[in-house]
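Single-structure report; data block below.
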Amino acid sequence: MEEWAQFHFDPQTLIVHKKYFGEIDINKIKRSWDSFVYIGEIPDNYTGLIIDYRKAKIVAELTEYLKLVSYYKQHTEVFGDKRIAFVVQNPEDIVRTILFEKKSEGFNISNFSTIEAAEKWILS
């Protein structure tokens, strides 16, 4: 995995955690997902996904960031029937992830400011 992204699977909760660091753009986000999707690092039995952007800065125009919605739709075998929680704190990223949530029809996505709240939602 790249130095700007970490992946962790919690075998107790069956939640996949993905954490980003530093400046990231859309290509980095897609590349990090490609490594999981094509290598098969995401277990079939996972219950939900937490994407933590708190230590990252997304360097992309809003319209570019929203192109990730089509990426998710191309990979419904990974993202389709799972709860996906974005954990964000800075206002700009909150706006991005809320718009992403609104544009992602058919996905169960929500935004949180803490990992604990995201885990509680996924496990509820």
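Some points to look at:
- Whether the range 16-124 is rounded, prolate or oblate, judged on the alpha carbon gyration tensor where a/c under 1.5 counts as rounded: rounded
- Sparse-neighbourhood loop sites, GluC sites (Glu not before Pro) in the range 7-75 - DSSP loop, at most 15 other Cβ within 10 angstrom: Glu41, Glu61
- The loop-placed chymotrypsin sites (Phe, Trp or Tyr not before Pro) in the range 37-124, going by DSSP, include none that has at most 14 neighbouring Cβ atoms within 10 Å of its Cβ.
- Seen from Thr47, the other residues with C-beta closer than 12 Å to its C-beta sum to a net charge of -2, counting Lys and Arg as +1 and Asp and Glu as -1.
- Long-range HN-HN contacts of Ala5 with modeled amide H, under 5 Å: Phe21
- Net lengthening on full extension, Trp121/Ile98 (0.36 nm per residue, minus Cα-Cα): 6.7 nm
- Under 18 Å from a label point set 7 Å out along the Cα-to-Cβ vector of Lys57, the amide N atoms of the range 92-115 belong to 92-97.
Laboratory data are not the source of any read-out in this text; all were calculated from the coordinates shown. A quick note: this is a predicted structure, and the numbers were derived from the prediction, not measured. Note that we place each Cβ from the backbone using ideal geometry, even for glycine, and neighbour counts take in every protein chain shown.
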